[in-house]
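Shown next, in structure tokens, is the structure this report addresses.
The values are calculated or read from the model by the stated rules, or taken from the named source; none is laboratory data. All values reported here derive from a predicted model rather than from experimental measurement. Because the Cβ atoms are built from the backbone with ideal geometry, glycine has one as well, and the counts that use them run over all protein chains shown. Accessible surface areas use protein heavy atoms only, side chains included; no ligands, DNA or RNA. Shrake-Rupley method; radii C 1.70, N 1.55, O 1.52, S 1.80 Å.
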Amino acid sequence: MNQKVLWKIESLCQKYFTKNSKSTIDVMSLYKDNISIYNLDFKIVEEFDFSQSENVVHSDKYGEYKGLKNSQVLFLNGKPIYLFDNHNKIVHPFLEYYEVVGKEFDVVHIDAHDDDALFGGIKPQKTEIEKVESYIKKTRISDFFDFVSESNLIKKIHRYTKSNNFEEFKKPENPYILSLDIDIFGVEGDFVDLESKVKIIAKAWFEAEVVCIAMSPGFIDQRFAEDIIKIFIKEKPYK
């Protein structure tokens, strides 16, 4: 069953992904001048490594789920593509982008869930890149947006998490980061037909300054998630 779905996703990617999916700013040169990405949790790679960690990163009543051995970032046509397991790790690329560019940004959030839970602790008025690991430890997979809501990072969140959201992509007026949770292709994302999902992802990917991909262990089979991501980042749709 999954193989047929993967074939369909690959066909839709060839249909909808542009051949010029580059960042609208020279992000690569900006990141080269920024040392934080070389010293913190994300490993710069030329291709993603989906090796599994021994650490459990999520658990529920059905079991415990291991994450990635490494959080990673690669540059595809000059655009940073981040890969991580739990979605709250997106706080790292949020802070990194703000440090590099120095201004607020929008977020296009494509997910089977809104991730709009309230953070239970004290929210920072100002975020600091040096404290990002502690931020990630404090947050959950559903409350990271609220955690940074009082800082100077995000102007507006554009959520694509309901079936009617996927009818049309409305490009944000501000520069934006794509927050993509692969669980949109899991059981809880079945409310949207496959073509609509790929079409919206492709349009959002095109002019995103940064793309962030969460694998969400426990919400989608991780081998299936890996295969989908490999289709998205393969060479053919982007060059």
Residue list for the range 120-136, filter: surrounded by 11 or more Cβ atoms within 10 Å (Cβ to Cβ), at pLDDT 90 or above and of a type in the set (A, V, I, L, M): Val132, Ile136
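Yes or no, residue by residue, for (1) more than 20 Å from Met215 (Cβ to Cβ); (2) of a type in the set (A, V, I, L, M):
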| position | (1), (2) |
| --- | --- |
| Phe105 | yes, no |
| Leu118 | yes, yes |
| Thr127 | yes, no |
| Ile136 | no, yes |
Selected residue (only one of Val148, Val192 is without any contact (Cβ under 8 Å) to a residue 60 or more places away in the chain, more than 30 Å from Asn2 (Cα to Cα) and crowded, with 18+ Cβ neighbours inside 10 Å): Val148
Just need a number here: residues in the range 68-80 that are within 19 Å of Glu133 (Cα to Cα) and crowded, with 22+ Cβ neighbours inside 10 Å. 2
Number of positions in the range 83-106 that are surrounded by fewer than 23 Cβ atoms within 10 Å (Cβ to Cβ) and either assigned to a strand (DSSP E or B) or small (Gly, Ala, Ser) (or both): 3
How many of the residues making up the range 73-124 are small (Gly, Ala, Ser) and farther than 22 Å from Arg140 by Cβ? 2
For the range 64-119, which residues satisfy the criterion of being at pLDDT 95 or above and β-branched (Val, Ile, Thr)? Ile90, Val91, Val107, Val108, Ile110
Could you grab the pairs with beta carbons closer than 6 Å, sequence gap of 6+ or different chains, first residue in the range 164-182 and among the small types (Gly, Ala, Ser), second one assigned to a helix (DSSP H, G or I)? Ser179/Ile90
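For the range 107-131, which positions are outside any loop (DSSP other than H, G, I, E, B) and acidic (Asp, Glu)? Can you show your working first?
Restricting attention to the range 107-131, the residues satisfying the condition of being outside any loop (DSSP other than H, G, I, E, B) are 107-110, 129-131.
Residue satisfying the conditions is Glu130 alone.
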Filtered residue count, the range 186-221, keeping only those that are within 22 Å of Phe50 (Cβ to Cβ), small (Gly, Ala, Ser), within 13 Å of the chain's Cα centre (by Cα) and assigned to a helix (DSSP H, G or I): 0
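One line per residue, one yes/no per condition, for (1) modelled with pLDDT under 90; (2) in a helix (DSSP H, G or I); (3) touching a Pro at 6+ places or on another chain (Cβ under 8 Å):
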| position | (1), (2), (3) |
| --- | --- |
| Cys13 | no, yes, yes |
| Asn20 | yes, no, no |
| Thr24 | yes, no, yes |
| Glu47 | no, no, no |
| Glu54 | no, no, no |
If I filter the range 132-171 down to residues being of a type in the set (D, E, K, R) and in a loop (DSSP other than H, G, I, E, B), which single residue comes out as nearest to Ile200 (Cα to Cα)? Glu168
Just to be sure I understand the filter: pairs with C-beta atoms under 8 Å, separated by 6 or more residues or on different chains, first member in the range 127-142 and among the acidic types (Asp, Glu), second member at pLDDT 95 or above and open to solvent by 50 Å² or more (accessible area, probe 1.4 Å). Which pairs pass? none
